[in-house]
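Q: Could you have a look at this structure, given as structure tokens, before my questions?
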Amino acid sequence: MYDQAFQGYTGNELVKAFDPDLERFKRICLAAGGTRSESGDASFIFMALPRFPVLINYWLGDEDFPSSCKILFDASATHYLPIDGCAILGSMLTKKLLRPACTVRPGLAARTGRHR
């Protein structure tokens with residue numbers, strides 16, 4: 001149930017900012033400290049805390065499916081943080097990635113209601 005809300009303010013916001021420019025998404029993730037992973041069309045692991053990896057998977061859409069981006073946590077995440085802490089951490093990572101996206105595409109702030 002909470003997954004839908006979390007997706008709304010994390011993955012969906014990343015798709016709005018980067019779709020369909022996957023290369024820009026990759027550059028910003030690398031600049032933000034992400035390490036490439038092997039799933040999705042673009043995938044990055046962020047060490048949000050020691051022993052606390054966070055994975056971002058981005059899949060480009062096609063004629064059958066829209067683009068999708070998911071922030072995923074390791075199964076051990078709740079050993080380190082409560083669920084709401086994980087949600088906050090995912091939100092903070094999303095905002096970190098969106099800051100450069102808004103700088104590169106200034107019109108994004110007007111479209112999404114985001115302001116710096």
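Q: Quick check: net charge around F46, other residues with Cβ under 12 Å of its Cβ, Lys/Arg +1 and Asp/Glu -1?
A: On the way: positive: R36, K96; negative: D74.
It works out to a net charge of +1.
Q: Counting Lys +1, Arg +1, Asp -1, Glu -1, what net charge surrounds S67 among other residues with beta carbon under 10 Å of its beta carbon? Can you show the working numbers first?
A: Details: positive: K16; negative: D19, D41, D62.
Combined, the nearby Lys, Arg, Asp and Glu give -2.
Q: A further question follows. Pick out the long, greasy-scoring helices in the chain: whole DSSP H runs spanning 24 Å or more along their own axis by Cα, mean Kyte-Doolittle at least 0.0. All intermediate terms of the calculation are to be shown ahead of the outcome.
A: On the way: long enough: 83-104 (32 Å, 0.84).
The answer, listed by residue number, is 83-104.
Q: Under a Cβ-Cβ cut-off of 13 Å, what is the net charge of the residues other than C29 that fall near it, where Lys and Arg count +1 and Asp and Glu count -1? Don't skip to the answer; put the middle values down first.
A: On the way: positive: R24, K26, R27, R36, K96, R99; negative: D21, E23, D41.
Every neighbour counted, the sum reads +3.
Q: Taking the Cα centre of the chain as the origin and placing charges on Cβ (Lys, Arg +1; Asp, Glu -1), which of F52, P100, P66 is farthest toward the positive end of the dipole?
A: So the residue we want is P100.
Q: Points 7 angstrom from Cα along the Cβ direction at M92 and A75: gap in nanometres?
A: My value for the distance between the label points is 2.6 nm.
Q: While we're on this one: Which of these values of P(r) over Cα pairs in 5 Å bins from 0, in percent was calculated from the structure shown: (1) 2, 11, 21, 22, 16, 12, 8, 4, 2, 1, 0; (2) 2, 10, 13, 16, 16, 16, 13, 8, 4, 2, 0, 0; (3) 2, 11, 23, 24, 21, 13, 5, 1, 0?
A: (3)
Q: Let me ask another. Using unit Cβ charges (K, R positive; D, E negative) and no other charged atoms, how large, in debye to the nearest 20, is the dipole of the range 2-107 about its Cα centre? Show your work: numbers first, answer last.
A: Working: 11 positive and 12 negative charges, 125 e Å.
It comes to approximately 600 debye.
Q: Moving on. What's the exposure ranking of D74, D64, D3, going from fewest to most Cβ atoms within 10 Å?
A: D64, D3, D74
Every read-out reported here was derived from the displayed coordinates using simple, explicitly stated rules and does not represent laboratory data. Computed from a prediction, not measured in an experiment: that's the story for all the values here. Note that each Cβ is placed from the backbone with ideal geometry, even for glycine, and that neighbours are counted across all protein chains shown.
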